Structure formats: C-alpha cells, structure tokens
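In what follows, a structure is listed as structure tokens, so that the remarks can point back to it.
The values are calculated or read from the model by the stated rules, or taken from the named source; none is laboratory data. Note that the coordinates shown come from a computational prediction; the quantities given were computed from them, not determined experimentally. Every residue, glycine as well, gets a Cβ built from its backbone with ideal geometry; the counts of neighbours run over all protein chains shown. The area values use the complete protein model at the heavy-atom level, side chains included, leaving out ligands, DNA and RNA. Shrake-Rupley method; radii C 1.70, N 1.55, O 1.52, S 1.80 Å.
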Amino acid sequence: MSRPEPLPTRFDPTAFEDRWYSAWEASGAFSPEAGSDRKPFVILIPPPNVTGKLHIGHALQFTLQDLIIRWRRMQGHNALWLPGTDHAGIATQVMVERELAKEGTTRHALGRDKFLERMWAWKHQYKDNISRQARALGASCDWSRERFTLDPMLSRAVRHAFVELYRQGLIYRADRLINWCPRCLTALSDLEVVHKEVDGGMWDFAYPIDGGGEIVVSTTRPETMLGDTAIAVHPEDERYRGVVGRHAIHPLLGRRIPIVADAVLVDAAFGTGAVKVTPAHDANDFATGERHGLERINLLNDDGTINANGGPLAGLDRFAARKAVLQALGEKGLRRGDKPHRHAIGHCQRCDTIVEPYLSRQWFCAMKSMAEQALHAVHSGEVRLVPEFWVATYENWLENILDWCISRQLWWGHRIPAFYCASGHTSVSEEDLTNCPECGAAVTQDEDVLDTWFSSGLWPVSTMGWPDASPDMAAFYPTSLLITGFDILFFWVARMIMMCKHFTGRSPFAEVHLTGLVRDARGQKMSKTKGNVMDPLDLVHEYGADAVRFTLAALASPGRDLPLDSKRMEGYRAFGTKLWNAARFVGLHLDGTEVSLDALEPARLALPERWLLAELQHAAAAVDRAWGSYRFDEGCREIYRFVWNDFCDWYLEMAKPALLGEGDREKGTGDGARRVEDVRAVARGVLVEALKLLHPVMPFITEEVAAHLGADRGLITASYPRPDGRWADEEARGQVGTFRAVVQGVRSYRHMIGLPANAPLALVIPAAGERMGAALGSLRAEMTRLASLSRLDFGGTVPPSAVRDVAGGLDIAIVLPEGALGEAEIARLKFEMTQIEDELARSRARLADQAFVSRAPADIVTATRERVDELARKAAVLGETLRSTS
RNA sequence: AGGCGCGUAGCUCAGCUUGGUUAGAGCGCUACCUUGACACGGUAGAGGUCAGCGGUUCGAGUCCGCUCGCGCCUACCA
C-alpha cells in the first residue's frame, strides 16, 4: 500500500456521487449471473408508475431495498435487484388525456392508434426520468434486466395467464353490477373505489298503492327511483302485512311495481321499514332482484346522464335528475320529509368522480380458490409479513374477497385476448385470431384492456421470462424479499401471492416488508395542495444522496409513518462531514506501511486498540441483527453511535498522544506498550470496517473515503464485517469504561464548580487495585489529555485541599484551585447531593424489603447492593466537601 | 359496524416480543471551550408522576382489563 492521497478539506458529495455510480455500474457489480453457485438473494422493485417523477415515498423504498441488496451482496450472495416500471393503465391514461384536453382534443378524436403513440412517447420520457432519479439515489439495481409491464416478454406472460385462467374456468364474462366511473368511462374494481364521507341527504317519499293507501320509502339517491321495480318490506313486519303482494304505482312513470317481502334486504327497525328496490343501480337491490325475479332497468348512459328509461328526465345529468325527481315528487304532494345524512360515497381513485353501480358486461376473475392458497401461504410461513400485525388485515380482506372485475374500457394496457364472431362464438387465444375456430367467420378482438394490476400481479414471474423455463426463472424465482408500501397490500402484494402461487405452486417471495408513509415534519400527509411535498432530487442536491438515504433509513421504524424533518437531514449531513473529517485526520497520520487488521495480534496491542476492536465486534453484531430483522432505524443508530461516539469522541482522542508523539510510553517495547504503528493500523483498519458497515446506507461517501484510505478494492464488493471472536475483549471494555468514567467525572466536577472547560486540575487516584491500576497507568498520557490534567498521581498522599469523588467505582481526588467553590458551585453540589440521596433512599428501601431480597434473582440483588455501596461512598465524600466549605 | 396502529423530554421518535440497577437518541435549550480532523465541532448539564384508572408481581413504560384522545383500513345499511 502506498501513502494514500489526502482527502480534500471540504466535504462535497456532488464531487464524487456520479463518478462512483458510473464506476459501480460499469464494473458489472449490479448484474448477477444466473448460473452462479452462490446463494441468490433477490428483490423485485415495486415498479413505479410511468405517470410522472418519483416522490419521496419511492426514495424511501429505493433506499431500503438498496440497503438490503448491498448488504446481501457484500455478504457474498448472488444479489439481484430487478428494476422496472409499470404502465399503470388508467393512471397514465388519465394524465395523457389531461394533456390532450389542454390541446383541445380527445383520445376519441385522435383514434386508438394515434393515441397509443402518444402514450408510448409519454412512457419513454417518464421512464428515463425514473431511471435517472434511481441512479441519483444510488440504487444498485441491475439495469441490464430492466423491465416494463408492456414489454413483449411480459405481455406474453400476461396473455398466457389470461388464457390459462379462462381454460380453468376462473376467468369468465358476465353481466354484473360493477363500479363505473362516468368520467373515465370505464369499469373499476372494488379496490379502485375510494369511500369518502360526504354530507348528503335522506329523503322520504310515498308510493301510492294500487287500490288505495301509500307506502313510504327512504333514499339517499332519489334519482334511482326512476329504475325502481319493486318495494320490499320485512315478511314479519305487522305494519305491512296487508300490502305484500299488492302493487304500487310509479308516481312519475306510471308503471305498476310489486310489493315484496324480503328478510335479507329489509331491516324492519330502520326508517319506515319499507325499501325501494332498484336492481340495476344498487348491489343489494341487484341481489334482491335475483331472489324475486325482478326486472332490471338501467337508467344511465355511460357518462352519467339519464337514458330513455328515465322518461321525461332523459338527458339530464344524474345530479340534475336528483333535483328534478325531488321537485316532481313535491309537486305531486308525495314528499314525506328529508334530513341531512352523512354517509360514505364511492369515488374514482384516479379522477375523484363519484362512481355509479352500473349494470354492464365485463370480464371477471374468480378469487375464492386463489385466496385460500394465499391465506395458506401466510399461515404456513411460506410468506412472512413484516410487521406481523398486517396479517390480520391481510386475512380479513382475503376471507371476504369477491370476484375481481378485470376488464377496463381503456386503450392503454394489455388488450383482452378474446375474439368474437358474428355467430356469437367467443374464442380466447394466446395468438391473434382472424377467423373463428368454431365457424370460420371473421372475428374481432375485444376492445377492452386488462386492469393494470392483473399484469402487476404477475410481475415476479413475467419479469423472469415465465411461462418459459428461463435461466432467470430457475436461478431467481421465488424471490427473497419485497419492500413496498402498506397501501398496496391488497392491490398488489396479495394478488401477486395469489396469481404466482396459482401458476407456479410457490409464493413469489419469502418476506414482505411493509413500509409506512413519508410525512412532513409535523406528521402531515404530503400533498401538492398543501404545498409540503419534498422532491427527492431536490433533497439529494441539497444534502447529498447519502444524507437523504441515512435519514430515510433511520426514520424507518417498523410499521410507523416517517415524519421527515429537514433538521434531521441536516444532522445526518453533519454525520457525513464528521466521518469525512475523521477520515481526513486518520489519513494525515498514515505513512502507507499500515498492516491489515488480520496481521495484528490481539495480545500484543495496547488497551485502547484492544478496546476499539472489541467495540467494533459489538457494533458489527448489532448491525447484523438490525438489518436481518429489517430494523433500519436500529442499524443506523448503532453505526452512528459507533462512528461518532466510540471512534471519534473516544478512540481518536485517545490516539492523539501516540499519533502526535506526546508522552513517552510509545518508546517502550513491553507488553501493553503502545506502538504508534499499531495505532495507525488500528485507526485505519477499524475505520475501513466502519465504512463497510455503513456502505449499504451511505454508499457514496464510504466508497470515496475508503479509496482515500487505500482500501484494496471497492466497498461495493467488499466483505461485510462479521463479528470476530478473536477480538472479543470484555476486560478491555471494562477497563476503558472505567477510564471514561474517571475522565467524565473530572470534567463534570470541573463544570460543577464553575471552572472553564480548559482549566487544568490535578488528579490523584489513591488506590485503583492492581489490574485496573496497571490499565489506567498505561493510559496516563491519554487521561492527562482528555481530562485536561496538570498532574496525575496514582497512589501516594492526597493533598488536604483535594475534594473526593467516586467515578467508575474508583475513589478519585481532585485538587482544586484556591477559592474555587463559590455560592453557585456549592448550590450545584447540593443539588447533586439531593439526587444521590433520592436514589440511595430508593435503592436502600428496595434492599430492606425482605420480599425483594428473597424473590428477586441474585444478580439483580447484587447489582443493587453494589449500586448502594457506590452511592453511599459518593454521598459520604460529597457530604465531606459540603461540610468543609460551610 | 368491525379491524388495526398510536399516545414516553419543548419537538420528532427508540425502548414494550423475553418485567429488574440511574427510561434513551436526534433536534431544540443552558453554560463553558476559537485544544494542531471537524464550530455541520468539543465538553458538561437542565428537562420525563412513560395518556388515565384498576389488576398481576418482590418489582410494571414493558404483561392483563377498562376509560379517554388521535390516526388509518375494511364495509352493500335503504
């Protein structure tokens, strides 16, 4: 190793981020071989929609995925992170239609082919954006395997799946009530309908009964009465005993409608106990209609206006029709009251229009059997959800699942591979057909496309080349881990498990980590209207990608939302600066002859070096545990603590006497003597290990710094630190712990008695015991420096003017300057005394309790006794000081 | 209507699975320090009846029950 280039004085992330990303990508480190004999570790990206740029939630997920994949790669796994994007059918189509609207045109005016050209142009633009942003964040995904849901390979998988499910009878076409968006002009699945509480009304009106009398019903949607084909009452409701079987007269349209008894639909205790039945516009009424053989009258055109079945109201918009119906009923004297009513109404997830239950012929996918498989996968442990509390939610949804409406009246997506001929034959085929296989007549393909989530559900297999037995499918399926937001647990995660398990017999991943939502500093949801949106690229430019990543990872406590505060990001940028400067300091003292840690013999090293190496093992073990259990917050905290507290605050400060040539012990050659070349080797070696620990979180700065410290190869493919028992040293940890306590005791005392931080004091440690005395004796120069001592004596006489204290279990005596104790200082000491006495009283009371002493474990009792002992000594010496000054 | 999560320092959060010395972190605050890596720094502090009530236990922030407050998800109550 030659003497490394010194680091620039100023830490500037923009100086090296792009350079390192290009180097990594060019090295091929992101692209695993399918034929490798190393253990695979695979993460599939939740493909971002090509609707726009990435938001902070993507940055979170990219960070966590990259963290894990880099960690596994460094552990020696054949690590694959497969990237890609989703065509996001309706979402993207809505965006492009908005663009067209601004140009004063529509997709229909453009025609299907021209419109799809526009869609592809949009897709290319935004896909490029997304890749750039992912790179800026440092995402180490395998771009050579980048996929898009409409790629030919993936489209073939989608088509194959559709045809298979159709042949298995699990996909079918039917006339059903579906959710219809009158703005998007398409069917929606239940999940794409967002229920929102809205202030509406509840209106009562009377139906005249044929032959006399009336029956009063209530409704929140008066316009639907135009499609009423029955009135239902409860069979056991005495009030309506006489009217069941008779007919009411529709007051606006004149037709006779039956009064039926139905125990399922009607709750006699609710409202008037009589319900109007509109089978074509309400799911409950639809079922009621099936039970009673009622006519289904569809009232609406696809754009939400009333059709010819609405008689005089035809052509009115549904909400205008509501007013018109109410007015007409009023004019006929049939209104029987109204009141405000707050209730949940379904809105289109993409355009927020109120959706209508609408009778329509659509394609459906049967869910029951696949849902059972998906439930089993989680119950058997084949798939593990993290955090586990999501299991209850997952179960609840799958246990109550209904068939899935998969056809969409859109143009952007996978066109349904069904072909119809004039004779009414339907043929479903993986290859395009021109003639009907049954009668030979010309066929036309179904105009509709599939729900975008149908292809998303196949993502784990379609990206690998399924249904072919491809090398990637063999090497990388099933995948290891999925990291995604809890908001798409049903949309995507559950459907992937259902579909992939159905087709391959195996769950698509072993673990699913569900992240929380990124919010602003005050915990508010980010939204464009609130103006509190944070753009990941802006943040990268301002703080550097590493600080953004560290912040997101450190905030990612399991199952919780992340309040993203720029203050926090400043703090972690400062962490980068700290690391940079520490490395700069270490680098300045290297001469290029430093040996590796492996070449060092633990027993030959001095105490600080043995201590630091022992702490490194603890940190490595803690970090390993943290990543392994997806405790990103804990792992980050541990590395931060090790680098800043152990390494910078204590080790580097303890290293200074040796590095700067202070003291005289480094000339010694005996056991425990501190040799400056060991200090250099350990400082450098441990720092490089810390950089490796941190690399998955902060890849750029760690790589840059390691290069300057003369690391033999890039961290991207370095071995991740594992705890090494060779360096375990509890004695060193205990001894340095005492050293730290003494140093802190002196510093603390200095402040308590009002002296400036740099005021020199003399310290006497009368009796430390043999081993501890030797240990502390070997750190004379270090203690003198860190505690700012003018003099340090072990044993010997304690000057009468000294005050005594207890630190780390040791008696110490601090020689004070004349008149150091003024009023304020004495008050401070008295406050200290009350704190000690309070705790002493509590602990003594506990020991006095016979039940505690007899029942608590021995080690707890012993520890309490020792604590009481130390506190009593502290109280005694402090009391003496206070008495002598009064 | 069901289900889930949360309530710990001024703020944002760890800790609760497996109860045990003095309940932690970052930011903010106070005092001191321009020490030859770093003022995006160093040192020392202040600040908490762990939402409330009850129970189990020698011992509860941690386990159990109830109450209050906040958030989210699912749902076909006209």
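A few points about this structure:
- Within segment A:171-184, at least one residue is more than 27 Å from A:R322 (Cβ to Cβ), open to solvent by less than 10 Å² (accessible area, probe 1.4 Å) and within 37 Å of the chain's Cα centre (by Cα).
- A:M499, sole failed condition from (1) surrounded by fewer than 24 Cβ atoms within 10 Å (Cβ to Cβ); (2) outside any strand (DSSP E or B): (1)
- Among (1) away from RNA strand B (no atom under 14 Å from the Cβ); (2) under 25 Å from A:P13 (Cα atoms); (3) not polar (S, T, N, Q), the one test that A:L613 misses: (2)
- The single condition among (1) touching a residue at least 24 places away in the same chain (Cβ under 8 Å); (2) within 14 Å of RNA strand B (Cβ to nearest atom); (3) assigned to a helix (DSSP H, G or I); (4) open to solvent by 10 Å² or more (accessible area, probe 1.4 Å) that A:M569 does not meet is (4).
- Applying the condition of being open to solvent by 60 Å² or more (accessible area, probe 1.4 Å) and β-branched (V, I, T) to segment A:510-534 and asking which residue is farthest from RNA strand B (Cβ to nearest atom) yields A:V533.
- First in segment A:857-878 and in contact (Cβ under 8 Å) with a residue 24 or more places away in the chain, second anywhere and open to solvent by 40 Å² or more (accessible area, probe 1.4 Å) and more than 9 Å from RNA strand B (Cβ to nearest atom), Cβ under 7 Å, 6 or more apart: A:V868/A:R844; A:A875/A:E837; A:V877/A:R804
- When segment A:382-409 is limited to residues that are away from RNA strand B (no atom under 16 Å from the Cβ) and open to solvent by 10 Å² or more (accessible area, probe 1.4 Å), the one that is nearest to A:P437 (Cα to Cα) turns out to be A:Q409.
- Hits in segment A:751-783 - residues which are within 13 Å of RNA strand B (Cβ to nearest atom) and either without any contact (Cβ under 8 Å) to a residue 40 or more places away in the chain or among the small types (G, A, S) (or both): A:H751, A:G754, A:P756, A:A757, A:N758, A:A759, A:P760, A:A781
- Residue in segment A:338-359 that is open to solvent by 40 Å² or more (accessible area, probe 1.4 Å), in contact (Cβ under 8 Å) with a residue 24 or more places away in the chain, assigned to a helix (DSSP H, G or I) and within 18 Å of A:R221 (Cα to Cα) present: no
- Qualifying residue in segment A:323-342 (condition: closer than 19 Å to A:A283 by Cα and either touching a Phe, Trp or Tyr at 6+ places or on another chain (Cβ under 6 Å) or not aromatic (F, W, Y) (or both)): no
- Picking from residues in segment A:135-194 that are acidic (D, E) and outside any strand (DSSP E or B), the one that is nearest to A:T14 (Cα to Cα) is A:D142.
- As a summary of the residue check, A:M498 satisfies the conditions (1) more than 14 Å from RNA strand B (Cβ to nearest atom); (2) of a type in the set (A, V, I, L, M); (3) at pLDDT below 95 except for the one numbered (3).
- Meets criteria (at pLDDT below 95, more than 10 Å from RNA strand B (Cβ to nearest atom) and on the phi > 0 side of the Ramachandran plot) for A:G592: yes
- Within segment A:7-35, the set of residues being among the small types (G, A, S) and either in contact with a helix residue (DSSP H, G or I) (Cβ under 6 Å, 6 or more places away or on another chain) or closer than 29 Å to A:D86 by Cα (or both) comprises A:S22, A:A23, A:A26, A:S27, A:G28, A:A29, A:S31, A:A34, A:G35.
- On inspection, A:G200 qualifies as outside any loop (DSSP other than H, G, I, E, B) and closer than 22 Å to A:A321 by Cα.
Residues are listed down the side, and each one gets a yes or a no for (1) touching a Pro at 6+ places or on another chain (Cβ under 8 Å); (2) open to solvent by 40 Å² or more (accessible area, probe 1.4 Å); (3) among the polar types (S, T, N, Q):
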{"site": "A:T224", "(1), (2), (3)": "no, no, yes"}
{"site": "A:T229", "(1), (2), (3)": "yes, no, yes"}
{"site": "A:A232", "(1), (2), (3)": "no, no, no"}
{"site": "A:P235", "(1), (2), (3)": "no, yes, no"}
{"site": "A:P251", "(1), (2), (3)": "yes, no, no"}
{"site": "A:R255", "(1), (2), (3)": "no, yes, no"}
{"site": "A:P258", "(1), (2), (3)": "no, no, no"}
{"site": "A:D262", "(1), (2), (3)": "yes, no, no"}
{"site": "A:F270", "(1), (2), (3)": "no, yes, no"}
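- Residue within segment A:203-212 that is open to solvent by less than 10 Å² (accessible area, probe 1.4 Å) and not in a strand (DSSP E or B) present: no
- Residue that is nearest to RNA strand B (Cβ to nearest atom), among those in segment A:217-232 that are in a strand (DSSP E or B) and in contact with a Leu (Cβ under 9 Å, 6 or more places away or on another chain): A:A232
- Any chance A:T444 is outside any loop (DSSP other than H, G, I, E, B) and open to solvent by 40 Å² or more (accessible area, probe 1.4 Å): yes
- Exactly one residue among A:E825, A:E818, A:E866 is touching a helix residue (DSSP H, G or I) at 6+ places or on another chain (Cβ under 8 Å) and not β-branched (V, I, T), and that residue is A:E825.
- Selection of segment A:823-856 for residues being over 46 Å from the mean Cα position of the chain (by Cα), free of Cβ contacts under 8 Å to residues at least 60 places away in the same chain and within 9 Å of RNA strand B (Cβ to nearest atom) yields A:D849, A:Q850, A:A851, A:V853, A:S854.
- Criterion applied to A:T797, A:T834 was being among the polar types (S, T, N, Q) and not in a helix (DSSP H, G or I), and the one residue passing it is A:T797.
- The criterion of being open to solvent by less than 30 Å² (accessible area, probe 1.4 Å), within 15 Å of A:L165 (Cβ to Cβ) and part of a strand (DSSP E or B) holds for A:F364.
- Of the residues in segment A:545-556, at least one is part of a helix (DSSP H, G or I), among the aromatic types (F, W, Y) and either buried (at least 17 other Cβ atoms within 10 Å of the Cβ) or touching a Lys or Arg at 6+ places or on another chain (Cβ under 8 Å) (or both).
- Helices (runs of 4 or more DSSP H) wholly inside segment A:49-124 containing at least 3 residues that are exposed (fewer than 14 other Cβ atoms within 10 Å of the Cβ): A:89-102
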